[in-house]
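Enquirer: This is the structure I want to talk about, given as structure tokens.
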Amino acid sequence: MRAGVVQFRPEFGNIKRNLEKVLSMITSEEADLFVLPELALSGYIFESREEAMSLSQTPGGEEFEGVAGLARDRGATIVLGFAERAGEQLYNSSIMMSPDGTTSVYRKLQLFCDEKRNFDPGDRSPAVADVAGVRLGMMICFDWIFPEVARTLALKGADILCHSANLVLPFCQDAMVTRCIENRVFALTANRVGTERRAGQELTFTGRSQVVTPRGEILTRADVDGEGVFVVEIDPMLARNKAVTDINDVLGDRRPELYELG
Ligand code: ACM
């Protein structure tokens, strides 16, 4: 299958323009799976929870009609980060839209810095969706530093981690190589680029979106500030082989009965 990461610079608060831009970027490439950054529609630095709420969507909302249509017409699964409104709750979420019309949502479990003020932490275990025989799991940005998230997805059978990100620390791209090796999965990390200056803060996002194999090979890695769609050919079935040596298996050799504390 062809799998790609989309790296771009959202314009804060301009949902319409950001949506048009990502749709046109995706349309310019052929792939079976596209992963886009975290909070791709809104931008990242919110002045308040109220502002984040005002830039939020619901999964059934009209903003996603074009994404669903593109997924259907192009035969591609699209994963995209957005601020999810659920009644009074507000989550930093990603949505996965598949060609057959299936939609699933992941709510970021571990919130980073001011996200803790503006969003509610995810309230569901990360899930795996089977799309035409390929098992896809979602995680968002700072989830990378909690190996439990990738491990949970691997234990639930994920072949590919769809990792939408707005990274500001320099560690994740290299850390995801380890996440892939220790779980024998693919990871598509789609990061944004650019600098946002708002609410007395300035953040520069680190780009370097990438696709990594279960053996830790980096098939593509974007630069720190360019926009683009980076598509590679992968065989997701390689993730079903958890062998590290002839007699070692990264999931089968675990000793959960001895991992308890104390
Ligand atoms: C992050 O989790 N957006 C750093």
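Enquirer: For the range 1-12, enumerate the residues that are crowded, with 16+ Cβ neighbours inside 10 Å and assigned to a loop (DSSP other than H, G, I, E, B). Steps first, please.
Expert: First, pick out the residues of the range 1-12 that are crowded, with 16+ Cβ neighbours inside 10 Å: 1, 3-10, 12.
Within the range 1-12, Met1, Phe8, Arg9, Pro10, Phe12 qualify.
Enquirer: Moving on. Tally time: how many residues in the range 1-38 are of a type in the set (A, V, I, L, M), in contact with a Cys (Cβ under 9 Å, 6 or more places away or on another chain) and under 15 Å from Cys141 (Cα atoms)?
Expert: Final tally of qualifying residues: 1.
Enquirer: Here is a follow-up. Under the condition of being among the charged types (D, E, K, R) and assigned to a loop (DSSP other than H, G, I, E, B), which residue from the range 195-216 is farthest from Asp159 (Cα to Cα)?
Expert: Ranking the candidates gives Arg208 first.
Enquirer: Here's another thing I want to ask about it. Look at Arg151 and say whether it is in contact with a Lys or Arg (Cβ under 7 Å, 6 or more places away or on another chain) and more than 15 Å from Ile234 (Cβ to Cβ). First the steps, then the outcome.
Expert: On the way: in contact with a Lys or Arg (Cβ under 7 Å, 6 or more places away or on another chain): no; more than 15 Å from Ile234 (Cβ to Cβ): yes.
Spelling it out, it is not the case that Arg151 is in contact with a Lys or Arg (Cβ under 7 Å, 6 or more places away or on another chain) and more than 15 Å from Ile234 (Cβ to Cβ).
Enquirer: Pick from the range 160-170 the residues that are in contact with a helix residue (DSSP H, G or I) (Cβ under 8 Å, 6 or more places away or on another chain) and within 11 Å of the ligand (Cβ to nearest atom): which of them is farthest from Arg215 (Cα to Cα)? Before the answer, list the steps.
Expert: Residues of the range 160-170 that are in contact with a helix residue (DSSP H, G or I) (Cβ under 8 Å, 6 or more places away or on another chain), as a first pass: 160-161, 163-167.
Those still in the list that are within 11 Å of the ligand (Cβ to nearest atom) too: 163-167.
Details: His163: 17, Ser164: 21, Ala165: 22, Asn166: 25, Leu167: 23 Å.
This residue is Asn166.
Enquirer: Which of the strands (runs of 3 or more DSSP E) found entirely inside the range 217-262 contain at least 2 residues meeting this: at positive phi? Can you show your working first?
Expert: Values: elements: 218-221, 228-233, 243-245.
Qualifying strands (runs of 3 or more DSSP E): none found.
Enquirer: Within the range 127-142, how many residues turn out to be more than 16 Å from Leu80 (Cβ to Cβ) and within 16 Å of the ligand (Cβ to nearest atom)? Steps first, answer last, please.
Expert: Step one: filter the range 127-142 for residues more than 16 Å from Leu80 (Cβ to Cβ), giving 127-128, 130, 132-135, 142.
Filter again for within 16 Å of the ligand (Cβ to nearest atom), leaving 142.
Counting residues in the range 127-142 that are more than 16 Å from Leu80 (Cβ to Cβ) and within 16 Å of the ligand (Cβ to nearest atom) gives 1.
Enquirer: Let me ask something else about it. Would you mind stating whether Phe64 is closer than 22 Å to Leu161 by Cα and among the aromatic types (Phe, Trp, Tyr)?
Expert: Numbers: closer than 22 Å to Leu161 by Cα: yes; among the aromatic types (Phe, Trp, Tyr): yes.
Here the answer is yes, as Phe64 does meet what is asked.
Enquirer: Hey, another quick one. For the range 194-201, does any single residue satisfy the condition of being closer than 19 Å to Phe146 by Cα and in contact with a Gly (Cβ under 8 Å, 6 or more places away or on another chain)? Write out each step before concluding.
Expert: Looking only at the range 194-201, we keep the residues that are closer than 19 Å to Phe146 by Cα, and these are none.
Within the range 194-201, none of the residues are closer than 19 Å to Phe146 by Cα and in contact with a Gly (Cβ under 8 Å, 6 or more places away or on another chain).
Enquirer: Residues in the range 146-159: is at least one within 9 Å of the ligand (Cβ to nearest atom) and of a type outside the set (Gly, Ala, Ser)? Steps first, please.
Expert: If we filter the range 146-159 for residues that are within 9 Å of the ligand (Cβ to nearest atom), which is where we start, we get none.
Taking every residue of the range 146-159 in turn, none turns out to be within 9 Å of the ligand (Cβ to nearest atom) and of a type outside the set (Gly, Ala, Ser).
Enquirer: When you check Cys172 against the structure, is it without any contact (Cβ under 8 Å) to a residue 60 or more places away in the chain and surrounded by 19 or more Cβ atoms within 10 Å (Cβ to Cβ), yes or no? Before the answer, list the steps.
Expert: Values: without any contact (Cβ under 8 Å) to a residue 60 or more places away in the chain: yes; surrounded by 19 or more Cβ atoms within 10 Å (Cβ to Cβ): yes.
Against the criterion (without any contact (Cβ under 8 Å) to a residue 60 or more places away in the chain and surrounded by 19 or more Cβ atoms within 10 Å (Cβ to Cβ)), Cys172 qualifies.
Enquirer: Can I ask one more? So which of Gly61, Gly133, Gly66 is over 27 Å from Ala154 (Cβ atoms), out of contact with any His (no Cβ under 9 Å at 6 or more places or on another chain), surrounded by fewer than 23 Cβ atoms within 10 Å (Cβ to Cβ) and without any contact (Cβ under 8 Å) to a residue 40 or more places away in the chain? Talk me through it step by step, then tell me what you get.
Expert: Numbers: Gly133 fails: over 27 Å from Ala154 (Cβ atoms); Gly66 fails: without any contact (Cβ under 8 Å) to a residue 40 or more places away in the chain.
Only one candidate qualifies: Gly61.
Read-outs: derived from the displayed coordinates by stated rules, not from any lab. Please read these numbers as outputs of a predicted model, since none were measured by experiment. Positions of Cβ are backbone-derived with ideal geometry, glycine not excepted, and every protein chain shown enters the neighbour counts.
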